[in-house]
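Have a look at the structure below, then the notes.
Every read-out reported here was derived from the displayed coordinates using simple, explicitly stated rules and does not represent laboratory data. A quick note: this is a predicted structure, and the numbers were derived from the prediction, not measured. Heads up, the Cβs are rebuilt from the backbone with ideal geometry, glycines too, and the neighbour counts pull from every protein chain shown.
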Amino acid sequence: MATVAHSYSPARFWTVRLASVVAVLLFLGAIQLLIIPKLNGYDVRILTLALLMATLSVSLNIVNGITGQFSMGHAAFYVIGAYASGKVTSVMLDKSVHMNPQLWLLLMVVVGAVAAGIAGIVVGLPSLRLKGDYLAIVTMGFGEIVRIFINNQDGGSSSLFHLDIGGSYQLKVGHKITEFWHIGLLLVITIAISRNLLKTIHGLSFLSTREDELAANAVGVNTTMTKVVAFVLGGALAGAAGVLFAHYNTTVAPDDGAMAQSFLIVAMVVIGGMGSITGACIAGFALSIVPEALRRFPPIGAIDLLAIVVGIIAVITLAGQLTKRSIDQNKGWSAFTTVMGYLFCLALAVAIWFNFKSTVSPVIKVIFIGISLASIVALLLTPAKASLPRFGHFSVLVLVLLAIKVPIAALLHKIPLVENNLAQTTYTPSDLRWALFAISLIVVMLVRPQGILGHYEWSWDLAARLFGRPSAGKEVAA
Amino acid sequence: MSEAKPPAVLELQEATIRFGGLVAVNTVSFEIEKGDLFGLIGPNGAGKTTCFNLITGVYKPTSGSIKFNGRSISGLPPFKIANMGICRTFQNIRLFQSLSVLENVVVGGFLRHKTTLGSALTYLPSAIKETDKFKDMAMELLRVVDLEDVANARSADLPYGKQRRLEIARAMATQPELLLLDEPAAGMNPQEKMDLMETVRRIRDEHGKTVLLIEHDMRFVMGLCEKIVVLDHGEEIAYGPPESIRKDPKVIAAYLGEAV
């Protein structure tokens, strides 16, 4: 028998609310005062921009994931917020207005969020009639219109009202006010707003619009209004992120709102899992850190890269054949893969040790160690050890790949056409990030079309279930 | 019609809709009084669902008027009509598939919400209390349609018959005065149909709703409804209690395809 659990008790409510606000501020303050000064400028910049991207991804999730309106112009809201506030700051702060920078930043956040929110209404209105692909094209067009408009606003004859916001050069804001904790706070607020929405009945009206617009309308949900509100909310939060970016970077360029940027944010939401706040946040953070982490790897030759691609195709074909011949069900094979799983966990542990000793930037170090430790814990300590043989299987495939890569590369070197044209070409791994995104997007779509987290959210309940304690009241009836 | 009589719950006056050259519903008129169990039948393609779509605002009538409690509702958007107290179920089930059974019903209650979006976004006590209240109400309704044991299941995972009952519960959650059921018994076995008849009767007797339903199963309609309108090719061919409908030669001709 299922019952509705009531989450509200008046006495505790305000205590918990106050405590959580204080805890968030203390946490961000501690990072700002204790950890940030110890990092070098490069690391701080990576971390800050990663948090900004996570904010954008979570705010887009309100439109794409929760309300189901596929928007591909999210970076436009970001630059609108950045340009609106940046222009005001560059014209007024310290010239006609003398104000505490923190208060000024707060004021600018409001300005940027309102500007982006108004833009949200402009895009939201066509969405009254458009769905799916058509809406995606319209929002994409909106993003391009904004970028090209800004490109031409240099105060010259092609500008509207002779407004000078730098045109195809940059807008110089000239004040670096944003600190790491501002962006952290905005991310927390964005996550809190999304989560609060989903916890109340208002969130259900957004979700129902995503699920079935006609039915939602028939039970009295004003779907038009809901869609516009989603665009305004997502747009305003992205605009606020843009404001913080403008006052962090001190310059804003039209290409900060390029289509590539919008695609990247969409990729984050899709990979993280449409509708999952946790997924959007993690994917946003990871997809902005990974290209930076790739920089530590040495350049890779084009022929080696080609050999790896050919090797992957060979290995995947091989793996398909193995499964077809049902070697997977073979006891000896599964024992072997289990042992390989243990061995690979050991290898990960060794990698953690070397990473710990190495001199790479602490941000990447912490993230690498965190992910590796989490994998080891998930593989070895959770009661469902079924993933261990699969991990072993995967590791065997990786070993096979590494083994056959060498002869394939040697073979490719022998082909004159390839040797003459590609032998001298090398790529830095971070240049390959788009290929990497594309591949990870393809893999995620093939293996888990609902995104890595699907509709799941992080909760202690989920963690408890991961570690084998069945949670109460979740039985699904047949 | 006498002056003292209160207006009918639903009144169609020569409602017509044309799609290009096709007249889908042609000058259909009927009145539904408060507390009626009203049936709308007819062969496939007779315009029954189009009639529902006219009443709930999915389509705007080309001519004629539709009045709900004396107020014209033709041309209003569907969510406004739902707010006034008309709610429907769908012939091809349209649940919010990835939401839970309970959440599906809670969405139905959304139009009675009083808290603002702002209080929801900041998760204020008023919004939490209201959400809890709606969940309680939804749980009550799940008990009415006997689905409380699957409240936390994903609605797409339910078997067909339960999905139909869930749609009724979701429509009931809007607290409508008039409930429109589009083929509620389709795909059900005889036992489920008997249970459904009981449920629909209870919805009328205990919850005081007026019910208009489309159904193909004659035993179901004749056993349940007190007044029936028969449509064929968009035209109204008969109107009356089940006994007279059963004997009406036009109705027999429409169903069996014989000349009268």
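Where nothing but the Cβ of Lys and Arg (+1) and of Asp and Glu (-1) is charged, how large is the charge dipole of the protein assembly as shown around its Cα centre, in debye to the nearest 20?
Values: 62 positive and 53 negative charges, 377 e Å.
Magnitude of the dipole: close to 1820 debye.
Fewest first, what order do A:Phe394, B:Phe30, A:Phe297, A:Phe231 take by the number of other Cβ atoms within 10 Å?
Details: A:Phe394 16, B:Phe30 19, A:Phe297 11, A:Phe231 26.
Fewest to most other Cβ atoms nearby, the residues stand as A:Phe297, A:Phe394, B:Phe30, A:Phe231.
Using θ = phi - 60° and the Karplus relation 6.51 cos²θ - 1.76 cosθ + 1.60, list the HN-Hα couplings for segment B:69-85 in order, rounded to whole Hz, with x at every Gly or Pro.
Couplings: 6, x, 9, 6, 10, 5, x, 6, x, x, 5, 6, 5, 4, 5, 6, x Hz.
Run the simple label-point estimate for B:Asn152 and A:Ala374 please: 7 Å along Cα→C-beta, distance reported in nm.
Here the answer is 2.5 nm between the modelled labels.
Run the simple label-point estimate for A:Met225 and B:Arg112 please: 7 Å along Cα→C-beta, distance reported in nm.
1.8
Any chance you could check the Cα centroid distance between segment A:345-412 and segment A:274-302 for me, in angstrom?
The distance from the Cα centre of segment A:345-412 to that of segment A:274-302 comes to 16 Å.
Please say if segment A:172-313 is rounded, prolate or oblate, where rounded means a/c under 1.5 for a ≥ b ≥ c the square roots of the C-alpha gyration tensor eigenvalues, and otherwise the choice is prolate for a/b larger than b/c and oblate otherwise? If you can, show how the numbers build up before the last one.
Values: a/c = 2.47, a/b = 1.40, b/c = 1.76.
Taking the square roots of the gyration eigenvalues as a ≥ b ≥ c, segment A:172-313 is oblate.
Mind listing the Cα extents of chain A along all three principal axes, in Å, largest one first?
74, 71, 50 Å, listed from the longest principal axis down.
Hey, what do the phi angles of segment A:198-206 turn into as Karplus ³J(HN,Hα) couplings, whole Hz, using 6.51/-1.76/1.60 and θ = phi - 60°, x for Gly and Pro?
Going residue by residue, I get 5, 7, 10, 5, 4, x, 5, 5, 5 Hz, with x marking Gly and Pro.
With each label point set 7 Å from Cα along the Cα-Cβ vector, what nm distance links A:Lys172 and A:Thr359?
Modelled inter-label distance: 3.7 nm.
Among the lysines, which fall within straight-line cross-link reach of A:Lys172, defined as a Cα-Cα distance under 26 Å, with same-chain neighbours fewer than 8 residues apart omitted?
The reachable lysines, counting only those whose Cα sits under 26 Å from A:Lys172, are A:Lys87, A:Lys95.
In segment B:177-223, which GluC sites (Glu not before Pro) are in a loop and have at most 11 other Cβ atoms within 10 Å, using DSSP for the loop call? Don't skip to the answer; put the middle values down first.
Values: sites: B:Glu177, B:Glu192, B:Glu198, B:Glu206, B:Glu215; in loops: B:Glu177, B:Glu206, B:Glu215.
Loop-located and lightly packed - B:Glu206.
Would you grab the residues whose amide H sits under 5 Å from the one on B:Glu235? Only those 5+ places off in sequence or on another chain, please, with H modelled 1.01 Å from N.
B:Asn26
Give the share of C-alpha pairs in each 5 angstrom bin for segment A:212-277, from 0 to the last occupied bin, in whole percents, shortest bins first.
Here the calculated profile for segment A:212-277 is 3, 13, 13, 21, 18, 14, 8, 5, 3, 1.
Which aspartates and glutamates have a Cα less than 17 Å from the Cα of B:Lys114, not counting those fewer than 8 places away in the same chain?
Partners found: B:Glu130, B:Asp132, B:Asp136.
With a cut-off of 17 Å, note down the residues of segment B:181-200 whose backbone N falls inside the zone around a label point 7 Å from the Cα of B:Glu206 toward its beta carbon.
Those under the cut-off are B:194-200.
Once you have a ≥ b ≥ c as the square roots of the Cα gyration tensor eigenvalues for segment B:163-260, tell me rounded if a/c is under 1.5, and otherwise prolate or oblate according to whether a/b is larger than b/c.
On the way: a/c = 2.15, a/b = 1.83, b/c = 1.18.
The shape class here is prolate.
Return the aspartates and glutamates within reach of A:Lys405: Cα separation strictly under 19 angstrom, same-chain partners fewer than 8 residues apart disregarded; answer none if there are no such residues.
The qualifying aspartates and glutamates are A:Asp304, A:Glu419.
Please sort by residue number the trypsin sites (Lys or Arg not before Pro) in segment B:22-128 whose DSSP state is loop and whose Cβ has at most 16 other Cβ atoms within 10 Å. If you can, show how the numbers build up before the last one.
Numbers: sites: B:Lys34, B:Lys48, B:Lys67, B:Arg71, B:Lys80, B:Arg88, B:Arg94, B:Arg112, B:Lys114; in loops: B:Lys34, B:Arg94, B:Lys114.
Counting only loop positions with at most 16 other Cβ atoms within 10 Å, the trypsin sites (Lys or Arg not before Pro) in segment B:22-128 are B:Lys34, B:Lys114.
Pop the C-beta distance of A:Val97 and A:Thr251 into the FRET formula with R0 = 22 Å and round what comes out to the nearest 0.05. Numbers along the way, then the final one.
Values: r = 21 Å, r/R0 = 0.94.
After rounding, the FRET efficiency stands at 0.60.
Where the convex hull is taken over the Cα atoms of segment A:280-379, what is its projected area averaged over directions, in nm²? Provide the component values of the computation, followed by the final result.
On the way: hull surface 35.2 nm².
Across all orientations, segment A:280-379 yields a mean hull projection of 8.8 nm².
Output ³J(HN,Hα) for segment A:345-350: one whole-Hz value per residue in order, computed from phi by the Karplus curve 6.51 cos²θ - 1.76 cosθ + 1.60 with θ = phi - 60°, and x for Gly and Pro.
Computed from phi, the couplings for segment A:345-350 are 4, 4, 4, 4, 4, 4 Hz.
Using Cβ counts within 10 Å as a stand-in for footprinting exposure, how do A:Met445, B:Met197, A:Met340 rank, fewest first?
Least to most surrounded, the residues fall as A:Met445, B:Met197, A:Met340.
With 10 angstrom as the radius, rank B:Asp136, B:Asp232 by how many other C-beta atoms surround their C-beta, starting from the fewest. Each step should come with its number before you reach the end.
On the way: B:Asp136 14, B:Asp232 19.
Starting with the residue having the fewest Cβ neighbours, the order is B:Asp136, B:Asp232.
Give the dimensionless ratio obtained when the Cα radius of gyration of segment B:1-156 is divided by 2.2 N^0.38 Å.
Values: Rg = 19.0 Å, N = 156, 2.2 N^0.38 = 15.0 Å.
Normalised Rg, Cα atoms only: 1.27.
Can you count the Lys pairs in segment B:159-260 with C-alpha separation below 28 Å, eight or more apart or on different chains?
10
Measure nothing but the geometry: give the 0 to 90° angle between the long axis through the Cα atoms of B:190-205 and the longest principal axis through the Cα atoms of chain B, rounded to 10°.
The two axes meet at around 80 degrees.
Using DSSP to define loop residues, name the trypsin sites (Lys or Arg not before Pro) in segment A:42-126 whose beta-carbon has at most 11 other beta-carbon atoms within 10 Å.
Here the sparse-neighbourhood loop sites are A:Lys95.
Distance between Cα centroids, segment B:40-98 to segment A:37-53: provide it in whole Å.
Centre-to-centre (Cα) distance: 56 Å.
Can you tell me the FRET efficiency between A:Ile312 and B:Ser98 if r is taken as the Cβ-Cβ distance and R0 is 45 Å, rounded to the nearest 0.05?
Working: r = 34 Å, r/R0 = 0.74.
In this case the efficiency is close to 0.85.
Once amide H atoms are built 1.01 Å from N in the peptide plane, which residues 5 or more positions from A:Gly301, or in another chain, come under 5 Å H to H?
Under 5 Å from the amide H of A:Gly301 lie the amide H atoms of A:Tyr427, each far enough along the sequence or on another chain.
Helix-only mean residue ellipticity at 222 nm, the protein assembly as shown, DSSP H runs n ≥ 4 weighted -39,500 (n - 2.57), per residue, nearest 500. What is it? Could the numbers behind the result be given before it?
Details: 28 runs with 428 residues, N = 738.
-19000 deg cm²/dmol, from helical runs alone.
Relative to the longest principal axis of chain A, what angle (0 to 90°, nearest 10) does the C-alpha long axis of helix A:387-414 take?
So the helix axis and the longest Cα principal axis differ by about 80 degrees.
Give the average over all directions of the projected area of the C-alpha convex hull of chain B, one decimal, in nm².
Numbers: hull surface 64.0 nm².
Projected over every direction and averaged, the Cα hull of chain B covers 16.0 nm².
Considering lysine pairs in segment B:10-84 that are 8 or more places apart or on different chains, how many have Cα atoms under 16 Å apart?
For segment B:10-84, the number of qualifying lysine pairs is 4.
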